[in-house]
Amino acid sequence: MGLFTKLLSLAGVDVASLDALTLFRWVALLLFTRWMFTTLYKWKFSPTAKVPGPWFAGLGSFDFYFRLFSDKNYQVIHERHLQYGPVIRMGTRMVSISDGKLAKELLSTHRYRKPAAKYRDIFQVLLPNIFTTADPDFHRQRKRLLMPAFTWPTLRRMEETITGAGTRPLLAKFHALAQNGQPFSVNLSTEFLGLTFDVIMRLAFGESLNLIQDNDSEVFGWFGSLLRYMVITRTFSFLKDKPVPYLPMVHQGYLSKRNVVALALRKIRERQAYLATLDRSDPKVEVPQDVLQIMLDAQDPETGANLNTEQVASEAIVQMVAGTDTTSLALCWTVYAILRHPSCGERVINEVLTEFPLHAANESDIIEYDHVKARLPYLTAVIQESLRVYPPVASSLARVVPKGGLTTGEHFLPAGCTVSFSPYAINRSPLMWSQPEEFVPERWLAPEAEMDPGCKVGTLSFLSGPRACIGRNLALMEIHVTIANLIRHFHWEFAEPRFADLEPSEHVMLHVKDNEFRVKFTPRTPELLS
């Protein structure tokens, strides 16, 4: 109180004569004045003061929280870029960039690190992992151990496991719902989340929970609660890792987090116990072909290090958190785009049914990923365009400016400032794309000389550079195989007219509004072979 007493004395106030309430009011006024002065000073003289943007972007955290709780952060950022340019002010020490070339240049190196506290506070469930770490050396070492699980040769060996946990049971469920060939409707938000959940559970935990058939599983609820907990503690980090019974949603998330960790550790120890019963020196002995096994067997070629049980659990959990919603949302938005644009839908359906006609003799066959890529170029273009227009992670991919600062155009940002990349804004930037707001799969099929600059640079839907999404190949395999086989087996249409105009809602990822997207499916009649 000594400083406040001196300030009040300088203002001619006799502190000794003040009652407690009056003194409190004076102290509150001085605190408010100090806060106001500091805020205005930063607004006028911070490193981003001369960067274009709305005047209120430099006024502390108000703008951030407004965007965050509006569920339209992705749209607000995109509209500001259209108004103010490719580099805009987002805070006193933060800018957003919508220039795809510059974004990829900055992401091509480990020099621009993740903000350590932000990613640790949101996504670190157990131990530091490949996603949460800001340490380049840790990331390189962990990537050497994990990347072999997600290469194309490995995924091709695991493809039957992947489709056996995902696409096959989904098709079986849908055919069972279509009694006597009758149409039926389902909420694809739920169905696709069950599919991606089962695939990751089978690969990273060693066991599918069959959520495609029963999405009321307790474990499903744990992960849903954990994701909500992450969203809340992203903003209110002081609530993380604390039991708070008076806040039911936070407390349930806290308990779910503990349950998820216990589940991961139990599944890993079950696999370790099973492996202990095998004579792996016998070439006839077969071990499971999945990501969990690869993580348990992984050995760093440079250091000889292995992952211990808790490290494997931490990586398995983050694969579940990062690899389920993102892929299921990509599937939802791809189906939506096909239905929303009938000419595109007609072309992609004709392509699939021409290349892979459904016959009674091959009705149980699955169109495999390599066949999709080799024989269905328009479907591939549709998926690429869907990922451009509706990136599952739409905004706020942040990096910290390193020592030496960053000069972009006429603006200089000193070390410690944050640059943020919005895939939604970059993927729709008129600097990179013709008809940026339109759904045009043909842009991906044009001769290279006629391609949009954005097609050559690529989207940021899976990020870029050394920190690009490690599960990108798995996600692409799931999306291509699932969409191709659903087209082959079923006719689609919106279940109700209201679903023809879906409104995205951003809660960390680009969800469909209220997580409801109902589509009516009618089974196709297999052709008879002559």
If we keep only residues of the stretch 468-500 that are charged (D, E, K, R), farther than 18 Å from PRO183 by Cα and in contact with a helix residue (DSSP H, G or I) (Cβ under 8 Å, 6 or more places away or on another chain), then the residue modelled with the lowest pLDDT is ARG472
Taking the stretch 297-352 and keeping residues assigned to a loop (DSSP other than H, G, I, E, B), in contact (Cβ under 8 Å) with a residue 12 or more places away in the chain and either out of contact with any helix residue (DSSP H, G or I) (no Cβ under 9 Å at 6 or more places or on another chain) or under 27 Å from THR167 (Cα atoms) (or both) leaves THR324, HIS341
Among ALA475, ALA484, ALA495, the single one that is farther than 21 Å from ASN73 by Cβ, touching a strand residue (DSSP E or B) at 6+ places or on another chain (Cβ under 6 Å) and touching a residue at least 60 places away in the same chain (Cβ under 8 Å) is ALA495
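Residue-by-condition table, conditions (1) out of contact with any Asp or Glu (no Cβ under 6 Å at 6 or more places or on another chain); (2) farther than 24 Å from VAL291 by Cβ:
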site	(1), (2)
ALA178	yes, yes
PRO183	yes, yes
LEU188	yes, yes
LEU193	yes, no
LEU203	no, no
SER208	no, no
LEU211	no, no
GLY221	yes, no
Within the stretch 436-464, the residues that are surrounded by 15 or more Cβ atoms within 10 Å (Cβ to Cβ) and farther than 21 Å from LEU476 by Cβ are PRO436
The condition from (1) charged (D, E, K, R); (2) outside any helix (DSSP H, G or I); (3) touching a residue at least 60 places away in the same chain (Cβ under 8 Å) that GLU442 misses is numbered (2)
So, first residue more than 16 Å from ALA316 (Cβ to Cβ) in the stretch 266-295, second residue acidic (Asp, Glu), Cβ within less than 7 Å, six or more apart or across chains; the pairs are VAL285/ASP279
Those residues of the stretch 259-290 that are touching a Gly at 6+ places or on another chain (Cβ under 9 Å), surrounded by 17 or more Cβ atoms within 10 Å (Cβ to Cβ) and part of a helix (DSSP H, G or I) come to a total of 3
Within the stretch 264-286, residues polar (S, T, N, Q) and under 20 Å from LEU203 (Cβ atoms) come out as GLN272
Determine whether the stretch 503-512 contains at least one residue that is outside any loop (DSSP other than H, G, I, E, B), β-branched (Val, Ile, Thr), out of contact with any Pro (no Cβ under 8 Å at 6 or more places or on another chain) and at pLDDT 85 or above. no
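The values are calculated or read from the model by the stated rules, or taken from the named source; none is laboratory data. Here the structure is a predicted model, which is why all the values come from computation and not from measurement. As a convention, Cβ positions derive from the backbone with ideal geometry for all residues, glycine included, and neighbour counts pool all protein chains shown.
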